[in-house]
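Here is the structure we will look at.
The values are calculated or read from the model by the stated rules, or taken from the named source; none is laboratory data. Note that the structure is predicted; figures quoted are calculated from it, not measured. With ideal geometry, Cβ positions are generated from the backbone for all residues, glycine too; neighbour counts draw on all protein chains shown.
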Amino acid sequence: MNLEFRNLKKQYLVVFLMSISVVFSGSLIAPIEQRFISSLTENSALMGFTFTLGTLSLSLIALIFARLSRTYGKNKFIIAGAALAIVYPLIYATSTNILQYMGGKLIFGFAGAAMGPLLIAYLQEHLSTEKNQGKLLGYLYSAQSIAGSFGAILGGFVADRYFLGAPYYLQFLVLLIPFFLALKFFGKEKEEIKKSEKKYNYLFGIKYILSKPYLVYRFLFEIPFRMMWSVEIILYPLIILSFIDSNTIIGSVFATQGVIAMIVLPFAGKLVDKRSYMTGMRWAFFLMGISTFIMAFSISLSMFWILAGLFSVGLAIGGPARGVLEIKNIESEHRAEIIAVLTIFGYLLEALSPFLAGILLTILAPQMVLLFYAILIWIFFGIATIMLKMRLRKNL
């Protein structure tokens, strides 16, 4: 038992460090990426497509990598993804035109497809036998929030102090951490690889999710969650700039969300363990919906800032709730595959949402686009609740 616990601690710690490094690196460019892309093109639809390109390519190939990992092992793909991740920040930073930046987004997509879903599946496999699943996930997400907060502030500060592209070089240095961790840990850890002799049905994962009422709820929750989360990086800076022209303030708003999530997440994890993951999911839906709706009518920076913080509370509660729901409703033998399908679906939404936002921004003000996303949250909350009740009643 002690040996198993030590192994879990080591595995948890490696994923912990790799994930917070990736989050920290991404948050470094959050305050400035929209402005950097704006310096390469003035076309808002093209801006939206550029944000979309990375997650679109990721979503198209992630399932292929997940399937190949059954034959060649997760470890090789995680290492390859970490290696590719140190390339794209340099392409971003040296971009002189939008096509070059798009090339960086494509490499980002391949890196994320190779590392992201498999790392999540790896962690959940080792948490499936733990009692305090929500607590452990809460600590992980809290650490990610801390990393995101400091990264956003630092990224905005570095851009103001030096030049707009400076955070990309800092991102490159940070991404060396998961690369060396992947080499050291996944390069040495032995894994059991099971080769399938039967022809694989790529629709199995979708059919499996649709057969489980709670996974359907989780599936529907993902739609507004990912769509809103992916357009923050576009809409928040535009709205904040209507109040004050400051990269540091933009970074500080993102950082505030991270700090609030950091504080809430450990308690959210304990709430999920004590009450239920469904209680957490409902609270997440409600807080995200109400805060985004009111945020769309903000008349001052302080009002927007406070509501952005409330939105982060909903996101924070939703994190451990979703994780525990997955752990408890996915059978171990299918875990990696189902996690990959759910992750790909989320990435696809992240790809389409910024593109949609870019189109809407050609005809609507940023706050009205935000209102559109707020309405989506409430629509899917209603659909998910009704469908869950109907499915559970049918299964009685």
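Among residues of segment 95-135 being at pLDDT 85 or above and among the β-branched types (Val, Ile, Thr), the one that is nearest to the chain's Cα centre (by Cα) is 107. None of 56, 84 is assigned to a helix (DSSP H, G or I) and within 14 Å of residue 172 (Cα to Cα) except 84.
Taking segment 35-56 as the range and being buried (at least 21 other Cβ atoms within 10 Å of the Cβ) and of a type in the set (S, T, N, Q) as the test, the residues that pass are 50, 52, 55.
Only one entry of 244, 359, 290 meets the criterion of being assigned to a loop (DSSP other than H, G, I, E, B), surrounded by fewer than 19 Cβ atoms within 10 Å (Cβ to Cβ) and modelled with pLDDT of 85 or more, and that entry is 244. For segment 15-61, residues that are over 21 Å from residue 254 (Cβ atoms) and at pLDDT 80 or above total 13.
Of 311, 297, 304, all but one fail to be in a loop (DSSP other than H, G, I, E, B), of a type in the set (A, V, I, L, M, F, W, C) and at pLDDT 90 or above; the exception is 297.
Summed over segment 144-172, residues that are part of a helix (DSSP H, G or I) and either hydrophobic (A, V, I, L, M, F, W, C) or under 16 Å from residue 233 (Cα atoms) (or both) total 20. Taking the conditions exactly as written (part of a helix (DSSP H, G or I), closer than 28 Å to residue 360 by Cβ, modelled with pLDDT of 85 or more and among the hydrophobic types (A, V, I, L, M, F, W, C)), does residue 175 satisfy them or not? Criteria not met by residue 175. For residue 324, are the conditions met, namely being out of contact with any strand residue (DSSP E or B) (no Cβ under 9 Å at 6 or more places or on another chain), surrounded by fewer than 23 Cβ atoms within 10 Å (Cβ to Cβ) and either of a type in the set (Asp, Glu) or closer than 29 Å to residue 117 by Cβ (or both)? No, not satisfied. Among the residues of segment 83-94, the one identified as surrounded by fewer than 22 Cβ atoms within 10 Å (Cβ to Cβ), small (Gly, Ala, Ser) and either within 27 Å of residue 342 (Cβ to Cβ) or modelled with pLDDT under 90 (or both) is 83. In a residue-by-residue description of segment 294-308, the property of being in contact (Cβ under 8 Å) with a residue 12 or more places away in the chain, surrounded by 17 or more Cβ atoms within 10 Å (Cβ to Cβ) and within 17 Å of residue 146 (Cα to Cα) applies to at least one position.
The set of residues from segment 125-176 being within 19 Å of residue 277 (Cβ to Cβ) and of a type in the set (D, E, K, R) comprises 125, 130, 131, 135.
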